[in-house]
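The values are calculated or read from the model by the stated rules, or taken from the named source; none is laboratory data. Computed from a prediction, not measured in an experiment: that's the story for all the values here. All Cβ positions, even for glycine, are placed from backbone atoms using ideal geometry, and neighbour counts span all protein chains on display.
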Amino acid sequence: MSTLPEIRTRCLVVGGGPAGMMTGYLFARAGVDVVVLEKHADFNRDFRGDTIHPSTLELMYELGLLDEFLKRPHQQLRELCGVINGNSVAIADFSRLPTRCKFIAFMPQWDFLDFLSSRAKQFPTFALHLQHEVIDLLFENDRISGVHVKTPDGEREVRADLIIGADGRHSIIHTKGKFEIEELGVPIDVLWMRISKRKNDPPQSLGFFRHGKLLVLLDRGDYFQVGFVIPKGDFDAIKQRGLPTLHRDIIRLGPFLEDRIAELDDWAKIKLLTVQINRLRHWYRERLLCIGDSAHAMSPAGGVGINLALQDAVATANLLAAKLRAGPVSVTDLKQVQARREWPTRVIQTMQAFIHRRVVTGRESKSGDSLPILLRLFQWFPALRSLPARFIGLGLRAEHIQSPAAN
Ligand SMILES: Cc1cc2nc3c(=O)[nH]c(=O)nc-3n(C[C@H](O)[C@H](O)[C@H](O)COP(=O)(O)OP(=O)(O)OC[C@H]3O[C@@H](n4cnc5c(N)ncnc54)[C@H](O)[C@@H]3O)c2cc1C
């Protein structure tokens with residue numbers, strides 16, 4: 001196999017997901033030499049969530065990108081509803097949030113990433129290399145100096161003063177960097193599939209919950225991206241029970257899908273996504289920092305993982321961009337990123353773990369059809385719906401753009 005010319009840069013970001021693309025954009029905007037490596041050929045993968053939160057839209061405003069961004073096709077959800085044991089229930093009301101956009105924008109994530117990368121490419125210090133899969137770390141005199149990359153045209157080395165692992169929950173960077181991982185344990189996995197959409201289908205919601213089970217439908221124009229929660233490790237048993245049984249289980253949660261459930265006529269159309277919640281004990285070591293799911297894998301519960309990954313990216317740029325423009329950063333500088341972002345991560349992961357233990361387990365529970373007391377309170381006192389809206393829409397310790405813009 002041929003060897004491609006080496007790349008040298010100030011900062012290397014591994015992974016072109018939300019955390020990586022936002023970090024690349026902000027560093028380039030600050031005039032830092034930055035290279036983003038993404039293993040896929042494009043952003044077009046359907047396993048991604050589609051939620052752009054009010055806090056992210058606020059960041060877009062602060063960056064002067066909001067008007068242009070909102071021209072891309074999207075849906076605006078001002079109130080988030082769920083169908084719980086057959087009752088349609090309003091859960092979060094974004095209309096009172098102290099932000100410019102009082103809604104969640106549903107936009108396929110590849111459009112969001114494509115938008116960020118197209119804007120980042122306008123900065124001269126930015127480079128994105130697709131089909132560049134990092135397979136190992138490089139060391140010189142026992143110090144990390146770069147990464148080893150596999151591409152369709154050969155292998156190459158990329159050297160940098162700082163490497164940021166933004167390569168998601170199966171991160172090669174945290175594995176090869178020998179970071180210690182704390183697993184929180186999750187009792188669910190998700191089956192991921194497509195079902196066509198029809199004109200009179202219900203509007204986008206948080207999901208269809210019934211007695212511990214959950215069906216999520218992401219509106220992608222002419223089809224739904226469907227997520228069906230199952231107990232962890234049960235996929236083989238579900239396969240043995242056969243497709244008709246799975247069809248029946250899905251229809252029990254979303255009866256309007258009955259007329260097209262037969263589209264799922266082959267197991268090849270149904271992918272298993274494993275869900276994890278974990279976090280690194282330390283997010284950094286000399287010349288290496290992990291952020292987003294690479295530092296703390298999030299479950300889909302609450303649809304907050306993308307927001308958290310983006311907030312990590314903003315905090316990283318706020319704390320490191322000006323310093324990196326002047327020269328390499330120290331371990332103490334990297335430590336500050338974890339110090340800033342660890343608390344919101346811990347709180348949100350604790351809530352996700354609670355939801356998986358008590359609310360969405362993938363197993364049929366014996367609870368009755370009545371609504372849980374908290375949800376009844378939301379219906380009696382609509383103002384209370386602002387609380388989940390703040391949690392989902394803004395997260396905890398919302399970050400704002402403080403990193404410099406190069407002239
Ligand atoms: C089934 C499921 C559904 C979810 N739905 C939602 C949702 O609706 N809303 C929400 O907010 N959160 C959701 N989440 C959580 C969310 O997906 C993550 O928290 C979020 O994507 C983290 O962003 P990230 O940028 O850190 O990592 P990722 O989005 O995972 O991006 C990592 C990137 O790195 C690339 N990469 C990986 N390895 C390498 C390598 N070796 N070399 C180069 N590139 C590499 C990957 O291709 C990818 O592009 C869901 C999670 C799951 C499991």
Task: Among the residues listed as L320, L280, L257, the single one being assigned by TED's automatic domain parsing to the domain that holds G16, away from the ligand (no atom under 16 Å from the Cβ) and surrounded by 17 or more Cβ atoms within 10 Å (Cβ to Cβ) - done: L320
- [ ] Would you check if there is a residue in region 97-113 being polar (S, T, N, Q) and free of Cβ contacts under 8 Å to residues at least 24 places away in the same chain?
- [x] no
TODO: Looking only at region 52-64, decide whether some residue is at pLDDT below 95, closer than 21 Å to L308 by Cα and part of a loop (DSSP other than H, G, I, E, B).
DONE: yes
Task: Looking only at region 171-181, and only at residues there that are more than 11 Å from the ligand (Cβ to nearest atom) and buried (at least 18 other Cβ atoms within 10 Å of the Cβ), the one that is nearest to R279 (Cα to Cα) - done: F179
TODO: Go through region 93-134 residue by residue and tally those that are in a helix (DSSP H, G or I), of a type in the set (D, E, K, R) and more than 26 Å from L206 (Cα to Cα).
DONE: 1
TODO: Go over the candidates K269, K213 one by one and state the one that is buried (at least 20 other Cβ atoms within 10 Å of the Cβ) and either closer than 19 Å to S88 by Cα or at pLDDT 95 or above (or both).
DONE: K213
Open item on the list: Residues that are buried (at least 23 other Cβ atoms within 10 Å of the Cβ), closer than 20 Å to G177 by Cβ and away from the ligand (no atom under 16 Å from the Cβ): does region 333-343 have at least one?
Closed with: yes
Open item on the list: Being within 9 Å of the ligand (Cβ to nearest atom), β-branched (V, I, T) and modelled with pLDDT of 95 or more narrows it down to one residue among V35, V14; which is it?
Closed with: V14
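Results for (1) at pLDDT below 85; (2) touching a Ser or Thr at 6+ places or on another chain (Cβ under 9 Å), shown as yes or no for each residue.
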{"site": "P344", "(1), (2)": "no, no"}
{"site": "M351", "(1), (2)": "no, no"}
{"site": "H356", "(1), (2)": "yes, yes"}
{"site": "R363", "(1), (2)": "yes, no"}
{"site": "K366", "(1), (2)": "yes, no"}
{"site": "L374", "(1), (2)": "yes, no"}
{"site": "S386", "(1), (2)": "no, yes"}
{"site": "R390", "(1), (2)": "no, no"}
- [ ] Please name all residue pairs, on different chains or six or more residues apart, with Cβ atoms under 9 Å, provided the first residue is in region 148-170 and is over 19 Å from D293 (Cβ atoms) and near the ligand (Cβ under 10 Å from one of its atoms) and the second residue is modelled with pLDDT under 95 and among the aromatic types (F, W, Y).
- [x] none
- [ ] Select from region 179-199 the residues that are assigned to a loop (DSSP other than H, G, I, E, B) and modelled with pLDDT of 95 or more and list them in ascending order.
- [x] F179, E180
